Amino acid sequence: MNLIVNDNGFSKDDWNGGFSALNDARPDVGIDLATSSDPGELQGRLDDISIIRVIFPNFSDGRGFTIARCLRLMGYNGRLRAAGHVIADQYAMARRAGFDEIEIAGAIAERQPEADWRFRANWREHDYQSRLRGRIPF
Amino acid sequence: MYNYNDFDAKFVAERNRQFRRQVERRISGNLSEEEFKPLRLMNGLYLQLHAYMLRVAIPYGTLNSRQMRQLANIAERWDKGYGHFTTRQNIQFNWPKLRDVPDMLDALAEVDMHAIQTSGNTIRNVTADHFAGAAADEIADPRPVAELLRQWSTDHPEFQFLPRKFKIAVSGSPNDRAVIRAHDIGIGIVKRDGRIGYCIIAGGGLGRTPMIGKVISEFVTQENLLPYVEAVVSVWNLLGRRDNKYKSRIKITVHEHGIEKIRSLVEERFELLRRTYSGIDIKLFEEITAAFSPPEFQKVSAGEFELAYKSDPVFESWADTNLAKHRAEGYAIAQISLKAHGQTPGDATSDQMRAMADMAEEYGNDELRISHEQNVVLPHVRKSDLPAIHSILKKHGLATANIGLASDIIACPGMDYCALATARSIPVAQDISNLLKNLEDEIGELKIKISGCINACGHHHLGHIGILGLDRAGVENYQITLGGDATQNTALGRRTGPGFSHDKIVPAVERLILTYLELRENSGETFIEAYRRLGMEPFKSALYDRVHAHAAE
Ligand code: HEM
Ligand code: SF4
């Protein structure tokens, strides 16, 4: 079973609506986005979406961070989740880029236990971005 | 000079705390090498041929004496007593042990230094003109902008896993000494209607597909600078190719999509991003600028300088090559050559580093610079102090009078250290430098640049004479290019023809130089000027025609 990570550590997934790809989007079902998608395609539809999940095929594919940020800049206020191959060391980046939470598989959680993720729960601190912008970017 | 504020200091301490833990997790096996790799790279730690290598940032090439002394200590304590200064204003330590690296990083933090983002697929150490704040031809000091960009790019959450590395350079003068057209983004400070702004160049780079950067915006104002640069990197992050690492740099993205398309995407993204800046960065920029305000220059007589210049021919020749024009009367910019004949270009021992630190403290406003040409600069010295400085340099093997001459060679580490190398580059540089030692004053200005593989870390494309070491069926083979130019008139060198084996490359370079000496109009015509006038033919013939080839050997 996959786990959800946020600032409080690990928890069970409380989203029961499931996910579908963008082209068969239905109300009350979450949207799955590949890192190759163009966030611009969601323009005008963001108000109707309650959760978006960006799937990282590999932790070194950093497009997901820019996608998250673009979605937030386009005005998306719903739940935003990173999933797939994300590692604990990316937790702070994910949060700062606009994700609310990370979904990880059990295999990742085994090697990277809760403490590794909690280690970066201080992501609001030591952040050059909020210092240079003068406000939280979103 | 900029000193870390509380925020910077805490940031680096926190970052070191994280890295120490990552090293522990790697040693215990909880991080795979695949996962550890980008994390160590983000902290400047490479795996080379024989050992780890730690690459330390010298942001915009500026150092004070305390920092230089600490580099000397680190080299002694955790390395073999020397360091290597690179073309990107970094220093590399070639022999650290993994478990020592967190301690080395703490030692750096004690003097406001770090190794953050000196490697990996992220925005690298921002480089700038090494004469910043001292040059007579400057519109504005580029270092405040470089520092602002350093802060902005450090740990930028969107840009730690880019398609590939991303390099930014800033020049504050129309005479480009920072090679801004060969960077992913080059920033030139310009003035329009009395206002300072930035000309942004994108898509330059060397490597296997060298490209000269293109202007993406002619004039970006201070308040738009960060969101504009952010928009460029952000657009490339989504668009840049991740299927082929040889096609992932922004130069290829710009080439494949065209600069107009990229420009319009950037402008669109910029409109979104500018709203996230409240304007506080302007205030920060002003504070940073104040920290870089120039020292007070005094009026001092240059009498002692004139006297030594007239009476000591060794000093005279050093002064003629190693000094550059300072903006203040009675002052000079003194360059310390790390290219002693026959030595490794860019290497300095701990003793030499300490000597340079002492001189900076005593005579140089406590400032040192590292140039992309792998030399050290004392940016503000009184001319009257130069005889004393010169005699100290002599004692430490640092008085080589060859800045800008044939033996002032840029060479990458090549096969002696680098895991990617296809040929040696350091020994070629050493042999050329020994060969031309007695001829180089006669030759005059000449830029020779050597890379040990197609990645072009030695900037060979931009050398008047460029040398690229390849591997042909297990044998080293060196290709020559001619006519490269690293200034504002950036040009890529053209290949002369087939390459030369290791024992034939130095005689080949010699033939090029003898041909130049024979054909130049007068001693005022430099190699590159003669090449531009004469074209490739006479040089090609010197390289490949049997008659010439035999005559010179
Ligand atoms: C020793 C380990 C090193 C490794 C593994 C390494 C690796 C590379 C690679 C793979 C590239 C090509 C990137 C591309 O085209 O996408 C490159 C380019 C470059 N490197 Fe290095 N390098 C090393 C050392 C150095 C040193 C010592 C310097 C400075 C003297 C340097 C400066 C540069 C520069 C200026 C470029 C070309 C500019 C560009 O990025 O387009 N590198 N390096
Ligand atoms: S040019 Fe090649 S051999 Fe030289 S340092 Fe770069 S990667 Fe290594």
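Residues that are open to solvent by 40 Å² or more (accessible area, probe 1.4 Å) and within 15 Å of ligand 1 (Cβ to nearest atom) within region B:391-421 comprise B:Met415, B:Asp416, B:Ala419, B:Leu420, listed in sequence order.
Among the residues of region A:56-73, are any touching a helix residue (DSSP H, G or I) at 6+ places or on another chain (Cβ under 7 Å) and open to solvent by 50 Å² or more (accessible area, probe 1.4 Å)? Write out each step before concluding.
Just the residues of region A:56-73 that are touching a helix residue (DSSP H, G or I) at 6+ places or on another chain (Cβ under 7 Å), to begin with: A:56, A:59-60, A:62-63, A:65-71, A:73.
Then drop every residue that is not open to solvent by 50 Å² or more (accessible area, probe 1.4 Å), which leaves A:60.
For region A:56-73, residues touching a helix residue (DSSP H, G or I) at 6+ places or on another chain (Cβ under 7 Å) and open to solvent by 50 Å² or more (accessible area, probe 1.4 Å): present.
B:Ile27 passes every criterion in (1) more than 19 Å from the chain's Cα centre (by Cα); (2) of a type in the set (A, V, I, L, M); (3) within 23 Å of B:Arg150 (Cα to Cα) apart from (3). Can you find a residue that is of a type outside the set (Gly, Ala, Ser) and within 16 Å of ligand 2 (Cβ to nearest atom) anywhere in region B:106-122? Yes - at least one qualifying residue is present in region B:106-122.
Scan B:Gly414, B:Gly452, B:Gly469 and give me the residue that is in contact (Cβ under 8 Å) with a residue 12 or more places away in the chain, within 9 Å of ligand 2 (Cβ to nearest atom) and touching a Cys at 6+ places or on another chain (Cβ under 6 Å). Can you show your working first?
Numbers: B:Gly414 fails: touching a Cys at 6+ places or on another chain (Cβ under 6 Å); B:Gly469 fails: touching a Cys at 6+ places or on another chain (Cβ under 6 Å).
Being in contact (Cβ under 8 Å) with a residue 12 or more places away in the chain, within 9 Å of ligand 2 (Cβ to nearest atom) and touching a Cys at 6+ places or on another chain (Cβ under 6 Å) holds for just one of B:Gly414, B:Gly452, B:Gly469, which is B:Gly452.
Of B:Glu373, B:Glu445, which residue is assigned to a loop (DSSP other than H, G, I, E, B), within 16 Å of ligand 1 (Cβ to nearest atom), away from chain A (no Cβ under 14 Å) and open to solvent by 10 Å² or more (accessible area, probe 1.4 Å)? Going through B:Glu373, B:Glu445 in turn, just one is assigned to a loop (DSSP other than H, G, I, E, B), within 16 Å of ligand 1 (Cβ to nearest atom), away from chain A (no Cβ under 14 Å) and open to solvent by 10 Å² or more (accessible area, probe 1.4 Å): B:Glu373.
Need a quick list: helices (runs of 4 or more DSSP H) entirely within region B:3-88 having at least 2 residues that are away from chain A (no Cβ under 14 Å), of a type in the set (A, V, I, L, M, F, W, C) and crowded, with 20+ Cβ neighbours inside 10 Å. Give the steps one after another, and end with the answer.
Working: elements: B:6-28, B:33-42, B:65-78.
Ranges flagged: B:65-78.
Note on region B:186-243: residues that are within 14 Å of chain A (Cβ to nearest Cβ) and among the small types (Gly, Ala, Ser) amount to 3.
Hey, among the residues in region B:386-400 that are hydrophobic (A, V, I, L, M, F, W, C) and over 10 Å from B:Leu338 (Cα atoms), which one's farthest from ligand 2 (Cβ to nearest atom)? Give the derivation first.
Start the filter on region B:386-400 by keeping residues that are hydrophobic (A, V, I, L, M, F, W, C), which leaves B:386, B:388-389, B:392-393, B:398-399.
So of that shortlist, the ones also over 10 Å from B:Leu338 (Cα atoms) come out as B:386, B:388-389, B:392-393.
Values: B:Leu386: 35, B:Ala388: 37, B:Ile389: 32, B:Ile392: 32, B:Leu393: 28 Å.
Once the filter is applied, the top-ranked residue is B:Ala388.
Restricted to region A:7-29, and to residues there that are in contact with a strand residue (DSSP E or B) (Cβ under 8 Å, 6 or more places away or on another chain) and open to solvent by 90 Å² or more (accessible area, probe 1.4 Å), the residue that is modelled with the lowest pLDDT is A:Arg26. The set of residues in region B:414-430 that are small (Gly, Ala, Ser), within 20 Å of the chain's Cα centre (by Cα) and either assigned to a loop (DSSP other than H, G, I, E, B) or not assigned by TED's automatic domain parsing to the domain that holds B:Asn455 (or both) comprises B:Gly414, B:Ala421, B:Ser425.
The numbered conditions (1) of a type outside the set (Val, Ile, Thr); (2) on the phi > 0 side of the Ramachandran plot; (3) more than 12 Å from every other protein chain (Cβ to nearest Cβ) are all true for B:Pro142 except (2).
The values are calculated or read from the model by the stated rules, or taken from the named source; none is laboratory data. Note that the structure is predicted; figures quoted are calculated from it, not measured. Reconstructed Cβ throughout: ideal geometry from the backbone, glycine too, with neighbour counts over all protein chains shown. Side chains included, ligands, DNA and RNA excluded: accessible areas come from the protein's heavy atoms. Shrake-Rupley method; radii C 1.70, N 1.55, O 1.52, S 1.80 Å.
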